[in-house]
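Chemist: Encoded as structure tokens, here's the structure I'll be asking about.
Values in this text are rule-based calculations from the coordinates and carry no lab data. Quick caveat: nothing in here was measured; it's all calculated off a predicted structure. When we count neighbours, we look across all protein chains shown, and the Cβ atoms used for this are built from the backbone with ideal geometry, even at glycine.
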Amino acid sequence: GDSVTQMEGPVTLSEEAFLTINCTYTATGYPSLFWYVQYPGEGLQLLLKATKADDKGSNKGFEATYRKETTSFHLEKGSVQVSDSAVYFCALSANTGNQFYFGTGTSLTVIP
Amino acid sequence: NAGVTQTPKFQVLKTGQSMTLQCAQDMNHEYMSWYRQDPGMGLRLIHYSVGAGITDQGEVPNGYNVSRSTTEDFPLRLLSAAPSQTSVYFCASSYAATASSYEQYFGPGTRLTVT
């Protein structure tokens, strides 16, 4: 079945460091891929998405490229800030329906 | 738009009690879902609905009931609470952003403790 495997955390970085959070997926067909962010005490917010191979999703300095050949959708940011501290979830949606599958989440802490 | 709203934010139950978690959305989305979030396990789908009057089970449906009498509301009922149901519950609604891609939006969550 469809699934998402995400880099385990927690991840601790200094401010202005480069961030990569790895995400790989298993799916039949051509899923859409997402990154969600969850700030403490809040629900998940859509951060970015990509709907087909080689698409790059981007938002708030974060980027992720849909790589079908490696079944990956790694999240990157060139210079993290303290305000980026949150839990990040990779997710996929099979385009045959409304089912979403989530990774286990990666906790990021950015220290000044 | 308020988006997806959930009540209550926090709830403590005793084992065996029942309760309903409320969820509403004002975006006219067809699809709604309930997830639970547990440490180290990400989000697991409990039940979902593809439209008013239509519901189906997700990955972990046991101990929970849902109904969808209107497009806006999708309550989750705990029939007889157990400590294993201590979790954070998220309601979400989604729609087809394109012919082949859906987007999902989440409520703020309900933190439930069962003692």
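Chemist: Taking N as the number of residues in the range B:2-79, what is its Cα Rg relative to 2.2 N^0.38 Å?
Modeler: It is 1.09.
Chemist: List the residues whose amide H sits under 5 Å from the amide H of B:Gln104, counting only those 5 or more places along or on another chain, with H placed 1.01 Å from N in the peptide plane.
Modeler: Excluding prolines and chain starts, which carry no amide H, there are no hits.
Chemist: Can you give me the Kirkwood hydrodynamic radius for the protein assembly as shown, using every pair of distinct Cα atoms, in Å to one decimal?
Modeler: 18.0
Chemist: Across 5 Å bins from 0, what is the distribution of all Cα-Cα pair distances for the range A:1-96, in whole percents?
Modeler: Answer for the range A:1-96: a P(r) of 3, 13, 26, 26, 17, 10, 4, 1, 0 percent.
Chemist: Give the Rg (one decimal place) followed by the Dmax (whole number) of the range A:42-93, computed from C-alpha coordinates and expressed in Å.
Modeler: Just the Cα atoms of the range A:42-93 yield Rg and Dmax of 11.6, 34 Å.
Chemist: I would also like to ask the following. For the range B:33-115, take the convex hull of the Cα atoms, compute a quarter of its surface area, and give me that in nm², please.
Modeler: 6.0
Chemist: Rg and Dmax of the range B:1-41, Cα atoms, in Å?
Modeler: 13.2, 37
Chemist: Now for a different question. Which whole number gives the average, over all residues in B:96-107, of C-beta atoms from other chains lying within 10 Å of the residue C-beta?
Modeler: The per-residue average across the peptide is 6.
Chemist: Given 10 Å bins starting at zero, what is the percent of C-alpha pairs of the range A:1-50 in each, up to the one with the largest pair distance?
Modeler: 18, 46, 30, 6
Chemist: Also, quick follow-up: Select from the range B:1-98 those trypsin sites (Lys or Arg not before Pro) which occupy a DSSP coil region and have at most 14 other Cβ atoms within 10 Å, ordered by residue number.
Modeler: For trypsin sites (Lys or Arg not before Pro) across the range B:1-98 that sit outside H, G, I, E and B with at most 14 neighbouring Cβ atoms in 10 Å, the list reads B:Lys9, B:Lys14.
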